[in-house]
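Notes to accompany the following structure.
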Amino acid sequence: MKKTIFTCILIAFSLSIFAQNKEKEKTQAEQFSAQAGVLMERQFFEIGKVKGLEVKVLKFKDLNSGITKNSLRFEYAYKSSYSTDTKIAALDVDEIDGLIKSIKNLQTNIFPSIKDVYTEVTFASRTGFEAGAYFSVEKNKWTAYIQVEKYDRNSMLFLSPEDFGILLSLIEQAQIKM
C-alpha cells in the first residue's frame with residue numbers, strides 16, 4: 001500500500017515538473033507599463049501591414065516621472081469559422097537589431113540555398129515571437145513564416161520572400177520611430 005501511494009506521488013510530482021509552462025512572457029516595456037501606483041500613458045503608432053500582420057510601435061510613458069519605454073508590437077487577427085482572435089507579440093528595443101539581422105540573413109544566405117534534408121532556421125524573441133523558414137526537400141524550396149505567439153499554431157502565417165522584404169521594411173521604419 002505504501003509503495004502504491006509513494007508511486008502515485010512520484011508520478012504526480014514528475015508530471016508537474018515536466019508540464020509545459022504556457023504563461024506568456026512579458027517584454028521589459030510591458031513589465032514597466034504594469035507598475036502599480038503610476039499614471040501610465042500608452043500610445044500605439046501604426047507602421048503598416050503585411051499579409052494580415054500589423055506592425056506597430058507601442059510607447060509607454062509614466063506621466064508621474066516622465067520615464068518612457070518602447071516596444072515593437074505585432075498583431076495578427078486569426079479568423080476561424082466561429083470567431084476571430086487577435087494574436088499579439090511584442091519585442092523590446094534591444095531585440096530589434098537581432099530580428100533585422102536575422103531577416104536579412106534569411107534573404108541573403110538562406111533562401112538562395114538548397115538543402116539535402118528538411119531544415120529549419122528560426123529567430124525567437126524573449127516572448128516567444130518567432131520568424132524563420134523551413135526547407136522542404138519534396139518541394140525543393142524554402143517557406144518563410146512568422147509565429148506571433150509561442151505554442152499557438154493559429155498565430156502562424158506564411159510569407160513569400162517578397163512579403164518578408166516588406167516585413168523587414170516595416171520593422172526598420174518602426175525602429176526609426178522608437
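The mean sequence distance of close C-alpha pairs (under 8 Å, at least 6 residues apart), as a share of the length of region 81-134, puts its relative contact order at 39 percent.
Loop-resident chymotrypsin sites (Phe, Trp or Tyr not before Pro) (DSSP state other than H, G, I, E or B) in region 122-178 with no more than 15 further Cβ atoms inside 10 Å of their Cβ: 151.
Net charge within 15 Å of residue 61 by Cβ-Cβ distance, Lys/Arg positive one each and Asp/Glu negative one each, not counting residue 61 itself? Its environment carries a net charge of +1.
With protein chains left intact and a 1.4 Å probe, residues in the chain average 62 Å² of accessible area per residue. Between residue 77 and residue 141, the FRET efficiency estimated from the beta carbon spacing at R0 = 25 angstrom works out to 0.35.
Taking label positions 7 Å along the Cα-Cβ direction at both residue 40 and residue 124, the computed distance is 2.6 nm, reported to one decimal. Expressed as a whole percent, the accessible area of the chain that falls on carbon and sulfur atoms is 53 (1.4 Å probe).
Relative contact order, percent, of the chain when contacts are C-alpha pairs under 8 Å separated by at least 6 residues? Mind dumping the intermediate values first?
Numbers: 291 pairs, mean separation 32.4, N = 178.
That works out to 18 percent.
Report the net charge of residues surrounding residue 101, where surrounding means a beta-carbon distance below 15 angstrom and charges are Lys +1, Arg +1, Asp -1, Glu -1.
Once all neighbours under 15 Å are counted, the net charge is -3.
What trypsin sites (Lys or Arg not before Pro) does region 93-145 have in DSSP loop regions with at most 13 other beta carbons within 10 Å? Don't skip to the end; give the middle numbers.
On the way: sites: 101, 104, 115, 126, 139, 141; in loops: 115, 126, 139.
Answer in residue order: 139.
The values are calculated or read from the model by the stated rules, or taken from the named source; none is laboratory data. Predicted model only: the values in this text are computed from it and were never measured. Cβ coordinates were reconstructed from backbone atoms using ideal geometry, including for glycine residues, and neighbour counts include every protein chain displayed. Just the protein is used for accessible areas: all its heavy atoms, side chains included, with ligands, DNA and RNA removed. Shrake-Rupley method; radii C 1.70, N 1.55, O 1.52, S 1.80 Å.
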